[in-house]
Amino acid sequence: MHFTEFDSRLAAYGLLISDDDQILLTWFNGGGRAEPGWTMPGGGVEFDESIKDAVAREVFEETGYTVDVGEHRFTLPRQGTRRPMRSQRFLLTATITGGALGTTETDGTTDFAAWVPLGEVTALHPRADIIELALDVLRQRNH
């Protein structure tokens, strides 16, 4: 398929793990167009924005933390459901450099953020598949 025949969307997510093995997650409210559920802090990359800048912006908006964005861990392609779409989701590590826990965006799709012990993540429902990817990345890192 030629690139003019499909839409594209880039999204970037931050993987933040605390010293006591908790992962920072956000509650996606669905925005009136999707099912609510747990996800990673992150979202759409703006037209003139780098992937790293998008992670830093999204993490701040959704969690209240400023971060230093680290290495790229994984890219996950996904097909859209309307007009043919290629969605690329990027997962990058990040380290908190300031701020305080609390969503700063208004009228957005994130209601709150929370630190969740890694051992409790699989009990959260519903949860986005980007969380499964993050858990796989963490398992590989620990081996």
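Rg and Dmax, both from the Cα atoms of the stretch 1-54 and both in Å, are 14.7, 47.
One quarter of the surface of the convex hull around the alpha-carbon atoms of the stretch 24-143 equals 8.1 nm², the direction-averaged projected area. As an exercise, use a Förster radius of 22 Å and the Cβ-Cβ distance of S50 and R141 to find the FRET efficiency, rounded to the nearest 0.05. Computed FRET efficiency for S50 and R141 comes out at 0.35.
Got a number for carbon plus sulfur as a percent of the chain's accessible area, 1.4 Å probe?
Heavy-atom surface of the chain belonging to carbon and sulfur, 1.4 Å probe: 51 percent.
For the chain, the mean residue ellipticity at 222 nm estimated from helices alone is -6000 deg cm²/dmol, where every DSSP H run of n ≥ 4 contributes -39500 (n - 2.57) and the total is divided by all residues, rounded to the nearest 500.
Which GluC sites (Glu not before Pro) from the stretch 1-68 combine a DSSP loop assignment with at most 12 other Cβ atoms within 10 Å? Passing sites in the stretch 1-68 are E46. The simple spin-label model puts a point 7 Å past each Cα toward its Cβ; for E105 and E35 those points are separated by 2.1 nm. A prolate overall shape is assigned to the stretch 79-125, the ratio a/c of its alpha-carbon gyration tensor axes (a ≥ b ≥ c) being 1.5 or greater and a/b exceeding b/c.
The values are calculated or read from the model by the stated rules, or taken from the named source; none is laboratory data. Only a predicted model underlies this, so the values are computations on that prediction, with no experimental measurement involved. For neighbour counting, all protein chains shown are included, and Cβ atoms are generated from backbone atoms with ideal geometry for every residue, glycine included. In case anyone asks, the SASA skips ligands and DNA or RNA and just uses the protein heavy atoms, side chains included. Shrake-Rupley method; radii C 1.70, N 1.55, O 1.52, S 1.80 Å.
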